[in-house]
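The values are calculated or read from the model by the stated rules, or taken from the named source; none is laboratory data. Since the structure is predicted, the reported quantities are computational estimates derived from the model, not experimental observations. Positions of Cβ are generated from backbone atoms using ideal geometry, with glycine treated the same way; all protein chains shown enter the neighbour counts. Remember, those area values only see protein heavy atoms, side chains included, never the ligands or the DNA or RNA. Shrake-Rupley method; radii C 1.70, N 1.55, O 1.52, S 1.80 Å.
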Amino acid sequence: MPDAPLPPRAVFAMDPVHLPLLFPPPLMARLRRAADIDPALVVRDFTDTTAGRALADAEILITGWGCPRLDADALAVAPRLRTVLHAAGSVRSLVGEALWDRGVTVSSAATANAVPVAEYTLAMILLAGKDALGHRDRYRRTHVPPTPDRTADTGNHGRRVGVIGASRIGRRLLRLLRPHDLEVLLHDPYLDPGEAADLGARLLPLEDLLRLSDIVTLHAPDIPETRHLLDRARLGLIRDGGVLINTSRGALVDHGALVDELVSGRLHAVLDVTEPEPLPADSPLYRLPNVFLTPHIAGSLGNELQRMGGIVADELDRVTAGLPLAHRVRRADLTRVA
């Protein structure tokens, strides 16, 4: 009988602090059954001598946050590399042109990362509809429950939610919104009304969505075409007292214009991302009562990371079985995805 083929050589390339959360023991065992991989070797510097010896034989890189950019210099020390499995979301800042030119296949766990972002956004939509944060602050201050006249415009029944972007996260959010008595509006330049209806939403031009929505939530990709998508004029279209939720990227909003709207008190905001990030210590957004500010926590954290590790383990099994990747990212995709 012929000898069984040797498993492919794989190397981790990321900040090692993420490794035990991405790949707890059952997932690490799966990786080690599928590939020749050393969990004690995690590359952060492709110029390191020890890393260079490992990379010289590597056919597969399992990457994550903290991985160096895979440019021509990195590829020079990994001549056998044929597959990159990214245990995180966007690969835009990770992969260079040289990687595509060599024909290396790339996979991303962005689908898994969409789950907690959509869950966080749904929670914030429902809390915003109840003005839960405003009521909390007033109750802390006064110790007096609200009177009916203070809650006349409160509640989620029939409230209009405008979703900007039918991205992975946007689509996941649209599914989560279905059981609720909300009217969902959607803007995405790549969809037609029928596709939007299938997602449970009414497709509108961006300006109309902003005028009609009580709550606006951003899920468009951060690409040159979407920089400051919500500029001063478009922010001005959101109704007085409206809520803007941003769990996408700070660059989608004109930061100066947003600060002016929030300082004036005309709008409310739930901001998990900002421009810049983090904000300077003197930013008014830290102190405004109409701003709920979190430090980029909507994406996978803690035990949620193993969901992305599971996708990587599945992809590695496909690679070793000679099957196509289920979450492949292609060069052309980067013109439309984050």
Only one of 132, 98, 118, 88 is surrounded by fewer than 17 Cβ atoms within 10 Å (Cβ to Cβ) and touching a residue at least 24 places away in the same chain (Cβ under 8 Å); which? 98
Check residue 233 against each of (1) crowded, with 16+ Cβ neighbours inside 10 Å; (2) of a type in the set (A, V, I, L, M, F, W, C); (3) at pLDDT 95 or above and name the one condition it does not meet. (1)
Can you tell me which residues in region 1-34 are part of a loop (DSSP other than H, G, I, E, B) and within 20 Å of residue 112 (Cβ to Cβ)? 14, 15, 23, 24
Flag if residue 307 is under 16 Å from the mean Cα position of the chain (by Cα), open to solvent by 50 Å² or more (accessible area, probe 1.4 Å), of a type outside the set (Gly, Ala, Ser) and modelled with pLDDT under 95: no
Which one is least open to solvent (accessible area, probe 1.4 Å) among residues in region 39-54 that are in a loop (DSSP other than H, G, I, E, B) and out of contact with any helix residue (DSSP H, G or I) (no Cβ under 7 Å at 6 or more places or on another chain)? 48
For region 255-291, how many residues are farther than 20 Å from residue 228 by Cβ, out of contact with any helix residue (DSSP H, G or I) (no Cβ under 9 Å at 6 or more places or on another chain) and either free of Cβ contacts under 8 Å to residues at least 24 places away in the same chain or open to solvent by 70 Å² or more (accessible area, probe 1.4 Å) (or both)? 4
So residue 66, is it in contact with a Lys or Arg (Cβ under 7 Å, 6 or more places away or on another chain), in contact (Cβ under 8 Å) with a residue 40 or more places away in the chain, in a loop (DSSP other than H, G, I, E, B) and open to solvent by less than 60 Å² (accessible area, probe 1.4 Å): yes
Residue identified as within 28 Å of residue 223 (Cα to Cα), open to solvent by less than 20 Å² (accessible area, probe 1.4 Å) and either modelled with pLDDT of 95 or more or assigned to a helix (DSSP H, G or I) (or both) among 313, 298, 326: 298
On the given criteria, is residue 164 within 30 Å of residue 303 (Cβ to Cβ), in contact with a His (Cβ under 8 Å, 6 or more places away or on another chain), of a type in the set (A, V, I, L, M) and open to solvent by 10 Å² or more (accessible area, probe 1.4 Å)? no
Could you please give the count of residues in region 203-229 that are aliphatic (A, V, I, L, M) and either touching a Ser or Thr at 6+ places or on another chain (Cβ under 6 Å) or within 18 Å of residue 298 (Cα to Cα) (or both)? 4
Does at least one position in region 260-283 carry a residue that is closer than 21 Å to residue 124 by Cβ, outside any strand (DSSP E or B) and among the hydroxyl-bearing types (Ser, Thr, Tyr)? yes
Looking only at helices (runs of 4 or more DSSP H) that fall completely inside region 152-220, which ones have 3 or more residues that are within 23 Å of the chain's Cα centre (by Cα) and either under 21 Å from residue 271 (Cα atoms) or hydroxyl-bearing (Ser, Thr, Tyr) (or both)? 168-177, 206-212
Quick check: anything in region 55-62 surrounded by fewer than 21 Cβ atoms within 10 Å (Cβ to Cβ), in contact with a strand residue (DSSP E or B) (Cβ under 9 Å, 6 or more places away or on another chain) and part of a helix (DSSP H, G or I)? yes
